[in-house]
Amino acid sequence: MNLKITITALSILSFSVVKAQQTDVKKAFASAAKQTEVLIKNVDSARKVKPNLVSPRTVENGLFKMVVSKDWTSGFFPAELWYFYQYTKDKKWLNLAKKYTEDIKKEQFNTGTHDLGFMIYCPFGNGYRLTNDPAYKAVIIQAAKSLSTRFNATAGVIKSWDHNGDKWKYPVIIDNMMNLELLFETTKLTGDSSFYKIAVKHANTTMKNHFRPDFSSYHVIDYDTLTGNVRQKVTAQGYANESAWARGQAWALYGYTMCYVETKNKAYLAQADGIVGFILNSKITPADGIPYWDYNDPKIPDVSRDASAAAITASALYELAKYSINGKKYKAAADKILYSLSSKYTSKPGENYGFILEHSTGHRPAKSEIDVPINYADYYYLEALLRKKKMDDFIYN
């Protein structure tokens, strides 16, 4: 309807400008699939030596790094395989997705982490969406129950971390917004509104306390669970307490976009629009749209980029473009980022053990995973490609 007219008008007006910079989704997926076939071989070789290592996470110092199922990134690899199945409809990918998804299954009972959205909902949510397998549905529901045990009604948020009690008492990181889809989905699957209510309360509390006037986000907010008051606003993975950690801004954008999709609460749409404004209006981000790891690192431009933040942002922008009055601007921005990723940030064929994207930054303050390929960058890159294809098919067909 109006979206189609608006975005088509944009395409006509600016076609001569953007035509040369449109990602060839078919070519990008084919290249990514070849890389992932290499990755699978490396995964299987590594597992013969250490069977408890289930998912590939990164390449650091030239070494291939695998993780156990309780690692927060364990679900991204099997979730990528579901995206290949979605795109190709090839049963080869279906069988692979089923195989590696099963390895994460036991984490549905893990109450010691907030990352069940990543670990469980990415692989099992996509698996259920594409197969309607009732076994996947049961895992999703149990994971939501486990996540809900970390909610504190007084503070109004889900606790992120149990570690470093000397630094904080009840830490909540902006990344936690990415777990709310699991809760929204579980209410739809069960009819139990308690999951929905927890998600909304967490989103509202985070919106109140996590953001600065310019819509940039703090990384960690520490709460007092007796009063619900904020104890401190700090960072763990950013440059400084008052800096804007790039991936954190991307998590915030994606999280509030999906909150709007699930609730249609316009406050979430306005929040997402505000966060986009901070990201797209930055004078720090280079012309290719791939941000530095933190917007406020004084060593810019001599610091690492974060392709993962860019991939998350692009995927969120394609989704948000369907709902915002700024949709044509958001799609153009997502197209630009995705073109940069697909043309300048992909691994050479067969390199990086089969990871798709290069140049992500995991935890620079800890000197960990700096300028490396990493699994969540690949996952959101594939998701962005799928969302672009779906939007382009709607516009042009």
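The values are calculated or read from the model by the stated rules, or taken from the named source; none is laboratory data. Note that this is a predicted model, so its numbers are computed, not measured. Please note: Cβ atoms are built from the backbone with ideal geometry, for glycine as well, and neighbour counts cover all protein chains shown. With ligands, DNA and RNA removed, areas are computed over all heavy atoms of the protein, side chains included. Shrake-Rupley method; radii C 1.70, N 1.55, O 1.52, S 1.80 Å.
Here are the numbers for the structure shown:
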item: Matching entry among ALA240, ALA310, ALA287 (being under 23 Å from GLY117 (Cβ atoms) and among the aliphatic types (A, V, I, L, M)); result: ALA310
item: Subset of segment 28-61 (residues that are free of Cβ contacts under 8 Å to residues at least 12 places away in the same chain and farther than 15 Å from PHE84 by Cβ); result: ASP44, SER45, LYS48, VAL49, PRO51, ASN61
item: Residues (over 12 Å from PRO78 (Cβ atoms) and not basic (Lys, Arg)) located in segment 104-120; result: GLN108, PHE109, ASN110, THR111, GLY112, THR113, HIS114, ASP115, LEU116, GLY117
item: Residue that is farthest from LYS389 (Cα to Cα), among those in segment 14-32 that are at pLDDT 95 or above and either open to solvent by 80 Å² or more (accessible area, probe 1.4 Å) or of a type in the set (S, T, N, Q) (or both); result: SER31
item: Test for THR190: is it polar (S, T, N, Q), open to solvent by 20 Å² or more (accessible area, probe 1.4 Å) and modelled with pLDDT of 95 or more; result: yes
item: Any pair with Cβ under 8 angstrom, 6 or more apart, that starts in segment 74-91 at a residue that is farther than 28 Å from ASN110 by Cα and acidic (Asp, Glu) and ends at one that is assigned to a helix (DSSP H, G or I) and open to solvent by less than 60 Å² (accessible area, probe 1.4 Å); result: ASP90/PHE84
item: Considering residues of segment 198-233 that are open to solvent by less than 20 Å² (accessible area, probe 1.4 Å) and in a strand (DSSP E or B) only, the residue farthest from GLY248 (Cα to Cα); result: TYR223
item: Qualifying residue in segment 362-380 (condition: under 16 Å from the mean Cα position of the chain (by Cα) and open to solvent by 50 Å² or more (accessible area, probe 1.4 Å)); result: yes
item: Residue satisfying all of: in segment 344-356; free of Cβ contacts under 8 Å to residues at least 60 places away in the same chain and of a type outside the set (Asp, Glu); surrounded by the fewest Cβ atoms within 10 Å (Cβ to Cβ) among these; result: LYS348
item: Matching residues in segment 142-198 - criterion: being β-branched (Val, Ile, Thr) and within 21 Å of the chain's Cα centre (by Cα); result: VAL157, ILE158, VAL172, ILE173, ILE174, THR186, ILE198
item: Residue within segment 110-126 that is open to solvent by less than 40 Å² (accessible area, probe 1.4 Å), modelled with pLDDT of 95 or more and farther than 19 Å from SER69 by Cβ present; result: no
item: Unique match (being basic (Lys, Arg), at pLDDT 95 or above and under 20 Å from SER347 (Cα atoms)) among LYS89, LYS50, LYS65; result: LYS65
item: The listed residue being without any contact (Cβ under 8 Å) to a residue 40 or more places away in the chain, closer than 25 Å to MET207 by Cβ, open to solvent by 10 Å² or more (accessible area, probe 1.4 Å) and in contact with a Ser or Thr (Cβ under 9 Å, 6 or more places away or on another chain), out of ILE325, ILE284; result: ILE325
item: Single match in TYR292, TYR256, TYR239 (criterion: at pLDDT 95 or above and either open to solvent by less than 10 Å² (accessible area, probe 1.4 Å) or more than 26 Å from SER340 (Cα to Cα) (or both)); result: TYR256
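One line per residue, one yes/no per condition, for (1) of a type in the set (S, T, N, Q); (2) farther than 19 Å from LYS328 by Cα:
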{"site": "TYR239", "(1), (2)": "no, yes"}
{"site": "GLY248", "(1), (2)": "no, yes"}
{"site": "ASN265", "(1), (2)": "yes, yes"}
{"site": "LEU269", "(1), (2)": "no, no"}
{"site": "GLY274", "(1), (2)": "no, no"}
{"site": "LYS283", "(1), (2)": "no, yes"}
{"site": "TRP293", "(1), (2)": "no, yes"}
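Yes or no, residue by residue, for (1) farther than 18 Å from ASP378 by Cβ; (2) surrounded by fewer than 20 Cβ atoms within 10 Å (Cβ to Cβ); (3) among the aromatic types (Phe, Trp, Tyr):
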{"position": "GLN35", "(1), (2), (3)": "no, no, no"}
{"position": "ILE40", "(1), (2), (3)": "no, yes, no"}
{"position": "VAL43", "(1), (2), (3)": "no, no, no"}
{"position": "LYS48", "(1), (2), (3)": "yes, yes, no"}
{"position": "SER69", "(1), (2), (3)": "yes, yes, no"}
{"position": "GLY75", "(1), (2), (3)": "no, no, no"}
{"position": "TYR85", "(1), (2), (3)": "no, no, yes"}
